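Presented below is the structure to which this report refers.
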Amino acid sequence: MRIAYICLDPGIPVFGAKGASVHVQSMVRAFQSMGAEVTLFSPRCEGTRPKGLETTPVVPFSLPSKSNAEARMQALRALDLALPDILRDAGPFDLVYERHALLSHSAMTWAREAGVPSVLEVNAPLMEEQQRHREMILPQDCLTATQAAMQSAALVAGVSPQVVRYAQDHGAQNVLHLPNAIDPAMYDRPRQGNRPFTVGFVGSLKPWHDLDVLVSAMEILHASRPDIRLLIVGDGPERARFSERIAALGGEISGLIPHDAVPDWLARTDVGIAPYSAAQEFYFSPLKLYEYMGARLPVIASDVGDLARIVTHGDTGLICPPDDPAALARAIATLAQDPERARRMGEAGHRHVIAHHTWQANARTVLERSHLPMLSEGL
């Protein structure tokens, strides 16, 4: 079976370390592990290839510099319109799988017309994100392309209920809720001992991660439990704003690390934190939740979006009211005071994620819903 995996988003280096990059790599590896030959189409193929993707066929594209945003968007539109010919030349393919990008629709419309099964993976309400955080260029073209992609795809996979609704609002008919996941083999690490109780956070240091509440909670705790440490695994523009406060707590920031190093850093922690503010619209499927569970960590998550459906309060972790440092401090103290309870929660989370949230299970679901054969059926 041959799969065309398309990621035209210029903000996603497909061999990079950011969450979106990890998602691309993980799905490609999952398809490959099931016996499929995957060809990756992307304008961002720079960097060292991660393990398992060293020989993956790649069709690279070039784009203008970021400095001219309109020229870049026009080039993206031209690239999208050229995709049908590119796919025909590189094919034939048994499945066209695309990570949704602004102005991109031609792969889905071509697959429909050619009678090839297609899947559109939607990770965010991209037009709303663009309007909120960046400059919205060619808004009508973006809307037209989004509607064409959603309506043409044989299957649309949304990472959260909010993203599923966004897809349906733009014409998607056959929609699947398919959250993020993990590769279980990555997280088989022994817990590092002889250290203080450590609170861990994994992710990019950007505004939508509510680091202010997390750091404030640790400052509250520091007065009574100065032995509790904070470990931030990641990097980003918010680092400068919080580095002095974290250092004053005796905490640590890892900086940017390759994704395959994350499990080793998590082995130094005792609880994983997923802080989000209620002031923002929440539509994410946080990869960190599944990574924490994979590493057998209890999870403390903000009560936003559908996080309370992912983290079962009192079983796999604790759910906290958002924007409340004192409540988060109490939740951390609860687990620090009862390490056996924390261990049981971590084990329960591990069982849950292994049973329900692996990349290979996601790939299998996509193939099943696309009516394509499984490995056991001769894939």
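The values are calculated or read from the model by the stated rules, or taken from the named source; none is laboratory data. Bear in mind that the values here come from a model prediction, so they are computed numbers and not experimental data. We place every Cβ from the backbone using ideal geometry, glycine too, and count neighbours over all the protein chains shown. Keep in mind that these areas ignore ligands, DNA and RNA; they rest on the heavy atoms of the full protein, side chains included. Shrake-Rupley method; radii C 1.70, N 1.55, O 1.52, S 1.80 Å.
Data overview
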quantity: Total residues in the range 121-143, condition on the phi < 0 side of the Ramachandran plot and touching a Lys or Arg at 6+ places or on another chain (Cβ under 8 Å); calculated: 3
quantity: Residue check, V122 surrounded by 23 or more Cβ atoms within 10 Å (Cβ to Cβ), closer than 19 Å to E281 by Cβ and in contact (Cβ under 8 Å) with a residue 24 or more places away in the chain; calculated: yes
quantity: Test: E113 is of a type outside the set (A, V, I, L, M) and either in a loop (DSSP other than H, G, I, E, B) or over 24 Å from P84 (Cβ atoms) (or both); calculated: no
quantity: Meets criteria (surrounded by fewer than 22 Cβ atoms within 10 Å (Cβ to Cβ) and either in contact (Cβ under 8 Å) with a residue 24 or more places away in the chain or part of a helix (DSSP H, G or I) (or both)) for A75; calculated: yes
quantity: Selection count, the range 193-226, where residues are in a loop (DSSP other than H, G, I, E, B), hydrophobic (A, V, I, L, M, F, W, C) and open to solvent by 30 Å² or more (accessible area, probe 1.4 Å); calculated: 3
quantity: Of residues in the range 22-68 being within 20 Å of D80 (Cα to Cα) and among the polar types (S, T, N, Q), the one most open to solvent (accessible area, probe 1.4 Å); calculated: S62
quantity: Long-range neighbours under 7 Å by Cβ, at least six apart or interchain, first residue part of a helix (DSSP H, G or I) within the range 332-348, second of a type in the set (G, A, S); calculated: I332/A217; L335/A342; M345/G317
quantity: Scope the range 305-317; condition open to solvent by 10 Å² or more (accessible area, probe 1.4 Å) and either in a loop (DSSP other than H, G, I, E, B) or in contact with a strand residue (DSSP E or B) (Cβ under 7 Å, 6 or more places away or on another chain) (or both); matching residues; calculated: G305, D306, A308, T312, H313, G314, D315
quantity: Which numbered condition E128 misses (of (1) open to solvent by 50 Å² or more (accessible area, probe 1.4 Å); (2) under 28 Å from M186 (Cα atoms); (3) of a type outside the set (V, I, T); (4) in contact with an Asp or Glu (Cβ under 8 Å, 6 or more places away or on another chain)); calculated: (2)
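Condition check ((1) in contact with a helix residue (DSSP H, G or I) (Cβ under 7 Å, 6 or more places away or on another chain); (2) outside any helix (DSSP H, G or I); (3) open to solvent by 20 Å² or more (accessible area, probe 1.4 Å); (4) more than 29 Å from L214 (Cβ to Cβ)) across all residues:
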| site | (1), (2), (3), (4) |
| --- | --- |
| R330 | no, no, yes, no |
| A361 | no, no, yes, yes |
| T365 | no, no, yes, yes |
| L372 | no, yes, yes, yes |
